[in-house]
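Everything below concerns the one structure shown next.
The values are calculated or read from the model by the stated rules, or taken from the named source; none is laboratory data. Everything quoted here is computed from the prediction, not taken from an experiment. Neighbour counts are summed over all protein chains in view; Cβ atoms, including those assigned to glycine, are modelled from backbone coordinates with ideal geometry.
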Amino acid sequence: MQILGAGGVAAVALVGLASHAVMVSTAPAGSEQQSRPPYIVNKHRARAVQDAFRVSWDGYYQYAFPHDSLKPIAKSWEDDRYVFCLLFLFRNGWGASAVDAFSTALIMGNWEAVDQLLNYIPTIDFSKTNTEVSLFETTIRYLGGLLSAYDLITGPLSGYIPRNRTTQVYYILVQAKFLADNLKVAFDTPSGIPDNNLYFNPPRRAGSRTNGIATIGTLVLEWTRLSDLTGDQQYARLAQRAEEYLLHPRPALGEPFPGLLGANVDLGTGLFVDGAGGWGGGTDSFYEYLIKMYLYDPYRFSEYRDRWVLAADSSMKYLISHPTSRPDLTFLAMWRNRTLEFYSEHLACFSGGNFILGGLTLSDPSYVKFGLELVNGCRATYKNTETGIGPEIFRWQDGRTPLNSSNNPGPPVNESGFYEKSGFWVANGGYVLRPEVIESYYYAYRATGDKKYQEWAWEAFKAINESCRVGVGYSGILDVNRERGGGYRDFQESFWFAEVLKYSFLIFAEDDAPWQVRADGKNEFVFNTEAHPIRVAKGGRRPYSGKWK
Ligand SMILES: *[C@@H]1O[C@H](CO)[C@@H](O)[C@H](O)[C@H]1NC(C)=O
Ligand SMILES: *[C@@H]1O[C@H](CO)[C@@H](O)[C@H](O)[C@H]1NC(C)=O
Ligand SMILES: *[C@@H]1O[C@H](CO)[C@@H](O)[C@H](O)[C@H]1NC(C)=O
Ligand SMILES: *[C@@H]1O[C@H](CO)[C@@H](O)[C@H](O)[C@H]1NC(C)=O
Ligand SMILES: *[C@@H]1O[C@H](CO)[C@@H](O)[C@H](O)[C@H]1NC(C)=O
């Protein structure tokens, strides 16, 4: 196969590097002593999540592998897929669920799935696909999944992989590099800001005029890591050059509040074309990665930290909003220039976790405190619905803005009773196995050790298990406010494996595993936006003890 030929050359170059990576150095003793939150391992619940992974994986492996995703009711598969994400078209057929499940299988110690994946990865042909390729989706799922698996296997889990698998382990990195080599044509624009849409055979860009700040600004962790692992700086340079336009936004229209940006940038000029944004889909993970890059390497990415601080401070000052019916809840508004709009999304509920991570990383409790308030707001969107799961989009009426003004309408008549008790009403009731609320519970728990967050995560996991488990796996549902979710989408998203199951597991699992987020900010791993843990640049290689299993 073509890929094996191309990979063989790179494998030779990588041997020295990989054998180096197997050397293990333990973290300094006593580094965890200062005020560790009182974590409680709950093996029973962790095992229930592992069981859910096994069911989902077995269904996928039997009926869909090596296609992208399982249709659990039809017992079939889908490659051509529209991700219910408002903006992104994501297609390819390289086994999205398989690669997305890899780091979760490793962390859960599902060695059977790991074995299947080690066999599979070298066989993917990343030079061929019949459909359009999304640079962003391919980076966060495939590149992130591969780099994470490589970091875990050559780091803390090196003792868990048989020595006769060394070749397959090299191929994880070989394939990551080969994929990036096919994707890098995306950056071939006048400004150096990538076109998000590509075609392969041969690799070429689709010719978009603009790109969004999430799809531009959520590449830099994966592409920098690839350079750091291979020693080839071209990948880091491409992603960081594109990011420059977001760190120094022009013109003023593109930055309506300090650090808070518009949504789209012109690929020719690098200028912002609008001033509308938020912490939701299309812009969200640009902000997320600013602080994660600083966590990845505080020496190289202090400017990213400064921009995160600016964005976080502006959000606390300008975007904070309390619903008229539930002033105890805190949400973040969206903006259109400097006009606020009072709606939010399931996707935006990662923001609580991101504020908490920022607070821990910068040792600033005010960000943690604000993050916990946001977590509490998102929890309300779960607690009050029929299924116990939060909706895709919700709205509220803001207490500080003139009531009934054009940007601050009240609820529709038939929703006013629900709004009175819940503090929001549902604008889109779908649930597509998204992780963000449980993700933020995880950060809240790691910061505080407060058992309440484990209870909330368990409530959410049970509700999802109840409404979404169907056929040979799990499926998205149509309406969280109807009994039994109002029907199934018959689609098991790949991020169900990567994110929902991982965060649900980690909140109950062994608390001092090397990939766990630490309350003292001294993390050895940073989770990419798809929840793939990437080893930080100066990360220790503390071996995993696996003692709780
Ligand atoms: C690799 O080693 C394991 C034992 O560690 C053994 O069970 C397995 O059969 C070996 N596989 C191959 C392909 O040699
Ligand atoms: C935002 O501001 C720009 C110029 O400052 C203006 O052209 C545009 O119409 C405004 N957009 C909205 C939605 O108000
Ligand atoms: C806003 O509109 C609602 C219903 O349309 C009405 O009951 C309420 O009195 C209005 N409030 C204000 C302050 O105008
Ligand atoms: C309220 O009415 C809208 C529009 O007809 C409908 O989509 C929504 O489901 C209704 N809400 C409830 C709680 O019945
Ligand atoms: C999940 O659902 C399955 C099937 O209904 C059930 O057997 C299992 O106990 C549930 N798990 C939890 C944690 O509720």
Which numbered condition V133 misses (of (1) buried (at least 21 other Cβ atoms within 10 Å of the Cβ); (2) at pLDDT 95 or above): (2)
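Restricting to the range 395-421, give me the number of residues that are among the β-branched types (V, I, T) and within 13 Å of ligand 4 (Cβ to nearest atom).
So the count comes out to 1.
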Cβ-Cβ under 7 Å pairs, at least 6 apart or on other chains, the range 400-416 side under 14 Å from S325 (Cβ atoms), far side assigned to a helix (DSSP H, G or I) and away from ligand 5 (no atom under 16 Å from the Cβ): P411/Y419
Residue list for the range 340-393, filter: aliphatic (A, V, I, L, M) and assigned to a loop (DSSP other than H, G, I, E, B): L362, I389
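Within the range 228-238, count every residue that is within 13 Å of D181 (Cα to Cα) and in a helix (DSSP H, G or I). Please lay out each step first, then the result.
At the first step, the residues of the range 228-238 found to be within 13 Å of D181 (Cα to Cα) are 230, 232-236, 238.
With in a helix (DSSP H, G or I) added as a condition, the list becomes 230, 234-236, 238.
The number of residues fulfilling the criteria is 5.
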Any hit, the range 168-178, residues being outside any helix (DSSP H, G or I), hydroxyl-bearing (S, T, Y) and away from ligand 5 (no atom under 16 Å from the Cβ): no
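Within the range 405-414, can one find any residue that is touching a helix residue (DSSP H, G or I) at 6+ places or on another chain (Cβ under 6 Å) and either within 16 Å of ligand 3 (Cβ to nearest atom) or at positive phi (or both)? Talk me through it step by step, then tell me what you get.
Kept after step one, since they are touching a helix residue (DSSP H, G or I) at 6+ places or on another chain (Cβ under 6 Å), are these residues of the range 405-414: 411.
Filter once more, so that each one left must be either within 16 Å of ligand 3 (Cβ to nearest atom) or at positive phi (or both): 411.
Yes.
So which residues in the range 204-239 are over 30 Å from S351 (Cα atoms) and in contact (Cβ under 8 Å) with a residue 24 or more places away in the chain? Steps first, answer last, please.
Step one: of the range 204-239, the residues over 30 Å from S351 (Cα atoms) are 204-207, 230-234.
Correct list: A206, T230, G231, D232, Q234.
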Positions within the range 479-507 being surrounded by fewer than 24 Cβ atoms within 10 Å (Cβ to Cβ) and part of a loop (DSSP other than H, G, I, E, B), in sequence order: D479, N481, R482, G487, R489, D490, F491
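Is it true that some residue in the range 216-227 is assigned to a strand (DSSP E or B) and touching an Asp or Glu at 6+ places or on another chain (Cβ under 8 Å)? Steps first, answer last, please.
Of the range 216-227, the ones assigned to a strand (DSSP E or B) are none.
No, the range 216-227 contains no residue that is assigned to a strand (DSSP E or B) and touching an Asp or Glu at 6+ places or on another chain (Cβ under 8 Å).
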Single unsatisfied condition, Y503 versus (1) closer than 29 Å to S545 by Cβ; (2) touching a Lys or Arg at 6+ places or on another chain (Cβ under 7 Å); (3) among the aromatic types (F, W, Y): (2)
Failed criterion for D512 (all others in (1) at pLDDT below 95; (2) more than 30 Å from P365 (Cα to Cα) hold): (2)
Leading residue by the ranking (nearest to ligand 4 (Cβ to nearest atom)) among those in the range 445-490 that are under 23 Å from P365 (Cβ atoms) and among the small types (G, A, S): A457
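Got a number for residues in the range 345-361 being of a type in the set (V, I, T) and surrounded by fewer than 24 Cβ atoms within 10 Å (Cβ to Cβ)?
Quick first cut of the range 345-361, residues of a type in the set (V, I, T) only: 356, 361.
Next, from what is left, pick out any that are surrounded by fewer than 24 Cβ atoms within 10 Å (Cβ to Cβ): 361.
Number of matching residues: 1.
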Residues satisfying the stated conditions in the range 320-339, i.e. touching a strand residue (DSSP E or B) at 6+ places or on another chain (Cβ under 9 Å), assigned to a loop (DSSP other than H, G, I, E, B) and not β-branched (V, I, T): H322, L329, A333, N337, R338
Residues that are over 30 Å from F495 (Cα atoms), touching a Phe, Trp or Tyr at 6+ places or on another chain (Cβ under 6 Å) and either of a type in the set (A, V, I, L, M) or in a loop (DSSP other than H, G, I, E, B) (or both), drawn from the range 409-452: P411
